[in-house]
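Here the structure comes first, spelled out in structure tokens, and everything after it is commentary.
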Amino acid sequence: MVPRRRHTGHRAAIVLMLAVAGIAFGAGVRAADGVPLPALVKAIRGAACVEPLPVIRREHMTFLMHQRDDTVHEGIRTTRHSLAGCIDCHAAKDAAGQWVRIDAPGQFCASCHAYVSVKIDCFGCHAAVPAVAFGEGAE
Ligand code: HEC
Ligand code: HEC
Ligand code: HEC
């Protein structure tokens with residue numbers, strides 16, 4: 001028996017699937033094959049994302065890693081692709097008005113990652129809810 005090779009093209013397939021499915025996410029509809037896609041929590045701030053939607057959907061992991069390398073290794077601190085920024089715009093509150101962790105089931109990052117079976121460990125160290133400053137409760 002020849003051992004089978006399973007890995008070829010797997011990641012590329014996920015990204016391609018997301019690129020296609022992303023269009024459906026935005027519209028809140030089902031994929032052409034009828035598979036229900038996750039209903040993403042709506043951003044609470046900002047008229048637009050930090051990148052055009054097809055770009056952020058496909059490449060946010062790369063931006064976050066570059067942002068981390070720049071900050072941690074080179075001491076550069078910009079905010080465009082900041083992880084804290086993602087949380088500030090994409091976190092949500094529960095019915096009692098309390099912030100819900102963005103990595104909790106059904107929340108923005110988690111619903112999409114569950115769909116594509118991606119696990120991230122970022123929130124063991126990074127805050128999973130917005131850093132609440134002034135203006136909280138004023139909305
Ligand atoms: C072991 C702890 C730890 C883990 C796990 C971790 N980070 Fe960080 N991260 C840090 C520290 C410490 C800094 C530098 C302090 C700061 O800027 O808040 C940092 C900074 C960053 C920054 C730049 C600051 C910002 O808010 O944008 C980004 C982006 C980032 N990390 C992304 C990630 C991502 C994405 C993951 C998961 C894949 C991750 N980190 C996992 C500890 C961690
Ligand atoms: C200024 C607020 C803001 C910031 C900061 C922000 N986003 Fe967004 N993002 C949005 C808005 C608005 C949309 C459009 C969809 C919506 O309204 O929920 C969006 C859409 C997205 C989408 C596409 C969702 C879909 O419908 O398929 C992804 C993925 C995403 N953002 C990830 C991120 C990540 C990762 C970060 C941090 C690097 C980030 N965003 C930072 C506001 C923001
Ligand atoms: C529209 C769907 C979608 C949303 C929303 C989303 N992601 Fe992702 N994310 C993905 C996909 C798909 C991958 C895997 C891509 C791959 O395997 O190369 C991924 C991978 C990642 C990775 C790299 C994981 C690894 O180990 O390689 C990080 C870090 C990440 N996402 C962070 C975030 C954060 C933080 C948020 C919320 C602010 C978020 N993502 C929201 C679809 C999404």
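Summary table below
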{"item": "Loop-resident sites, segment 79-134, for trypsin sites (Lys or Arg not before Pro), counting at most 12 other Cβ within 10 Å (DSSP)", "result": "Arg80, Lys119"}
{"item": "Relative contact order, percent, segment 40-124 [alpha-carbon distance under 8 Å, six or more residues apart]", "result": "31"}
{"item": "Gyration tensor (alpha-carbon) shape descriptor, segment 53-92, a/c threshold 1.5", "result": "oblate"}
{"item": "Cleavage-rule hits, chymotrypsin sites (Phe, Trp or Tyr not before Pro), segment 39-137, DSSP coil, Cβ neighbours within 10 Å at most 12", "result": "Phe134"}
{"item": "Segment 40-124, dipole about Cα centre (Lys/Arg Cβ +1, Asp/Glu Cβ -1), debye to the nearest 20", "result": "260"}
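Laboratory data are not the source of any read-out in this text; all were calculated from the coordinates shown. As the structure is a computational prediction, the values presented were derived from the model and not from experiment. Cβ coordinates were reconstructed from backbone atoms using ideal geometry, including for glycine residues, and neighbour counts include every protein chain displayed.
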